[in-house]
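K.L.:
Right, I'll just put the structure down here and ask away after.
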Amino acid sequence: MKTSGNTILITGGGSGIGEALAHRFHDLGNTVIVAGRRMDALEAVAAGRPRMHAMPLDIADGGDIAAFARRIIAEHPSLNVLINNAGIMRFEALDRARDLSDAEATVTTNLLGPIRLTDALVEHLAGQPDAALINVSSGLAFVPLTATPTYSATKAAIHSYTLALREVLAGKVEVIELVPPAVQTELTPGQATREGYMPLAAFIDEVMALFRVQPTPREILVERVAFQRNAEAEHRFDAALTSLNEAARKAREAQS
């Protein structure tokens with residue numbers, strides 16, 4: 001993937017990893033469109049930055065995605081990079097019957113959203129020079145957090161879906177998976193200051209260095225996420241599952 005001269009769409013661009021990617025790619029000379037539900041946040045991200053644009057998008061609404069895709073192609077016909085970053089993370093208890101609305105919203109946002117948006121834009125991207133599709137999964141795709149089971153499951157599904165896309169789009173669209181570890185963002189309450197989580201700035205520094213590697217790695221893996229990504233291949237999955245969940249539990253309890 002070339003790192004400058006693109007027109008890049010980033011979903012979930014109003015905060016966290018999406019905002020940081022938007023600023024870093026914009027700094028490299030790209031036109032960047034940040035999309036999400038909160039226009040005030042998107043406009044704050046784009047403020048004072050020529051060639052950065054804010055567009056509203058409800059990634060959980062299939063009809064809105066279709067209308068958004070038509071609009072962005074009309075307004076930004078040079079669009080050649082899609083970064084599927086938007087997502088939500090909800091804590092769930094699996095040991096009792098419960099209201100499944102959080103689980104259903106997580107599947108709709110984290111899995112159906114990227115599938116729908118990719119479907120709406122794939123033919124346009126395939127016709128663009130230097131086209132790339134970047135799906136943001138998670139280290140939890142490989143070793144799940146039991147307190148957020150549906151989130152972990154959707155990220156495992158995004159990993160699998162990305163593998164399929166890469167094979168089908170070979171020679172047309174470069175397909176890349178960005179796999180974050182636990183990063184200090186506002187994804188869940190208190191996470192931005194949670195001890196033991198990777199600082200956002202350090203994460204983005206390492207990510208952008210990896211994007212500059214040529215050829216671009218198929219998976220953008222910062223050093224810290226290797227603990228999860230390689231757990232099964234290195235025959236230590238059970239130990240990783242136990243230690244990851246214990247560490248996450250202690251970090252949350254320390255803030256309560």
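Rule-based calculations on the coordinates, nothing more; no lab input. These numbers were taken from a predicted model, which means no experiment stands behind them. Because the Cβ atoms are built from the backbone with ideal geometry, glycine has one as well, and the counts that use them run over all protein chains shown.
K.L.:
Quick check on packing: order 53-62, 184-193 by the mean number of other C-beta atoms within 10 Å, highest mean leading.
P.N.:
53-62, 184-193
K.L.:
Sum up the charges of everything whose Cβ sits under 13 Å from the Cβ of residue 103, counting Lys and Arg as +1 and Asp and Glu as -1, but leave residue 103 out.
P.N.:
-2
K.L.:
Full extension from residue 205 to residue 75: what is 0.36 nm times the residue separation minus their Cα-Cα distance, to one decimal in nm?
P.N.:
43.7 nm
K.L.:
Counting only the backbone N, which residues of the range 1-41 are under 17 Å from the spot 7 Å out from the Cα of residue 186 toward its beta-carbon?
P.N.:
Answer for the range 1-41: 11-23, 34-41.
K.L.:
On to the next question. Around residue 255, with a cut-off of 14 angstrom between Cβ atoms, what is the net charge of the other residues, counting Lys and Arg +1 and Asp and Glu -1?
P.N.:
Taking every other residue near residue 255 into account, the sum is +1.
K.L.:
Given 0.36 nm per residue, what is the gain on full extension from residue 97 to residue 170 after removing their alpha carbon distance, in nm?
P.N.:
Working it through step by step, the gained length comes to 21.9 nm.
K.L.:
Same structure, new question: How large is log10 I(q)/I(0) at q = 0.09, 0.17 Å⁻¹ when the Debye formula is applied to the Cα atoms of the range 7-255, each weighted equally and without solvent?
P.N.:
Normalising to I(0) and taking log10 leaves -0.37, -1.41.
K.L.:
Looking only at 97, 226, 131, which one moves most when the chain is put into a Gaussian network model with springs between Cα atoms under 10 Å?
P.N.:
Of 97, 226, 131, the Gaussian network model singles out 97 as fluctuating most.
K.L.:
Show me 141-150, 174-183 ranked by packing, highest mean number of other Cβ atoms within 10 Å first.
P.N.:
174-183, 141-150
K.L.:
Order these by the 10 Å Cβ neighbour count, fewest first: 152, 4.
P.N.:
By the 10 Å Cβ count, ascending: 4, 152.
K.L.:
Taking the Cβ of residue 25 as the center, what net charge do the other residues with Cβ under 13 Å away carry, scoring Lys and Arg +1 and Asp and Glu -1?
P.N.:
Overall, the nearby charge balance is +3.
K.L.:
How large is the helix-only mean residue ellipticity at 222 nm for the chain, computed as the sum of -39500 (n - 2.57) over DSSP H runs with n ≥ 4, divided by its residue count, in deg cm²/dmol to the nearest 500?
P.N.:
-13500 deg cm²/dmol
K.L.:
Using the Cα gyration tensor of the range 131-212, with a ≥ b ≥ c the square roots of its eigenvalues, what is the shape: rounded (a/c below 1.5), prolate (a/b larger than b/c) or oblate (neither)?
P.N.:
Oblate is the answer for the range 131-212, as a/c is 1.5 or above yet b/c matches or exceeds a/b.
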